Amino acid sequence: MARPLKKGLEYFPLDTAMLSDRKIQRLSHRYGCKGICTYLTILCEIYGERGYYIPYSNDFCFDIAFTLGLEEAEVKEIVLYCVAVRLFDSELLECRQVLSSAGIQRRFREICKRSVAVIDPDLEIPDDSVYGGIHAAKTADNGTETPVVVTETPVSAAITPTNGNGNKKKTTTQHGKSNEAQFSNDNGEAARREELLRMAKEATRGC
């Protein structure tokens with residue numbers, strides 16, 4: 001047998017500024033904590049049982065009184081005062097014998113529209129069953145490549161001047177060296193060889 005659908009809600013919103021509402025302040029001033037507790041208990045019955053209203057009867061007042069440890073007559077008085085300050089709609093109570101209000105029905109419609117709950121990313125706890133598979137795959141797919149920077153070494157070409165016959169023209173620098181030595185690409189090998197030959201001659205000069 002199919003389980004009957006629940007007409008009511010599992011939760012309902014409660015404004016943090018509720019105690020600053022003039023209607024609630026009047027209720028609290030008249031009946032103190034008993035009045036606030038009675039009103040909140042009725043809200044739980046409305047949202048939990050039917051979603052946006054609750055039938056009003058002597059049995060209802062008796063149940064509320066039994067739950068809160070109050071007298072039934074006292075609960076009836078508090079309910080009628082809630083109607084007087086417009087916490088509940090007076091016309092619905094008189095004509096339909098139900099407790100409800102425009103605010104209660106507005107919140108009911110808003111809750112029923114919400115089909116997907118969105119969690120603040122800064123507070124979201126990853127699901128292990130999803131995090132290990134899908135999240136890891138996305139991370140691999142969206143991985144960034146490390147750029148490779150290639151630095152080119154500039155190459156300077158040295159031009160050797162020539163004379164009219166096409167032969168290399170020797171020019172003397174201010175240090176007395178020819179331009180052939182200045183533009184030589186032997187990395188000083190010729191000079192080292194000359195120095196070694198000179199040292200060899202000096203070593204064998206007395207032999």
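The values are calculated or read from the model by the stated rules, or taken from the named source; none is laboratory data. All of these numbers come straight from a predicted model, not from anything done at the bench. Reconstructed Cβ throughout: ideal geometry from the backbone, glycine too, with neighbour counts over all protein chains shown.
For residue 91, state whether it is part of a helix (DSSP H, G or I), at negative phi and surrounded by 11 or more Cβ atoms within 10 Å (Cβ to Cβ). It is false that residue 91 is part of a helix (DSSP H, G or I), at negative phi and surrounded by 11 or more Cβ atoms within 10 Å (Cβ to Cβ).
Residue-level analysis places residue 31 among those that are in the same structural domain as residue 95 (by TED's automatic domain parsing) and either over 36 Å from the mean Cα position of the chain (by Cα) or surrounded by fewer than 16 Cβ atoms within 10 Å (Cβ to Cβ) (or both).
Just checking, which of 15, 21 is among the charged types (D, E, K, R), at pLDDT 90 or above and either within 36 Å of the chain's Cα centre (by Cα) or not assigned by TED's automatic domain parsing to the domain that holds residue 98 (or both)? Don't jump to the end; show me each part of the working.
Numbers: 15 fails: at pLDDT 90 or above.
Sole residue among the options that is among the charged types (D, E, K, R), at pLDDT 90 or above and either within 36 Å of the chain's Cα centre (by Cα) or not assigned by TED's automatic domain parsing to the domain that holds residue 98 (or both): 21.
Taking the listed residues 54, 64, the one that is within 43 Å of the chain's Cα centre (by Cα) and assigned by TED's automatic domain parsing to the domain that holds residue 32 is 54, with no other qualifying. Residues in the stretch 75-88 that are touching a helix residue (DSSP H, G or I) at 6+ places or on another chain (Cβ under 7 Å) and surrounded by fewer than 21 Cβ atoms within 10 Å (Cβ to Cβ): 76, 81, 83, 85, 86. Scanning the stretch 46-67 for residues that are free of Cβ contacts under 8 Å to residues at least 40 places away in the same chain and crowded, with 17+ Cβ neighbours inside 10 Å turns up 60, 61, 64, 65.
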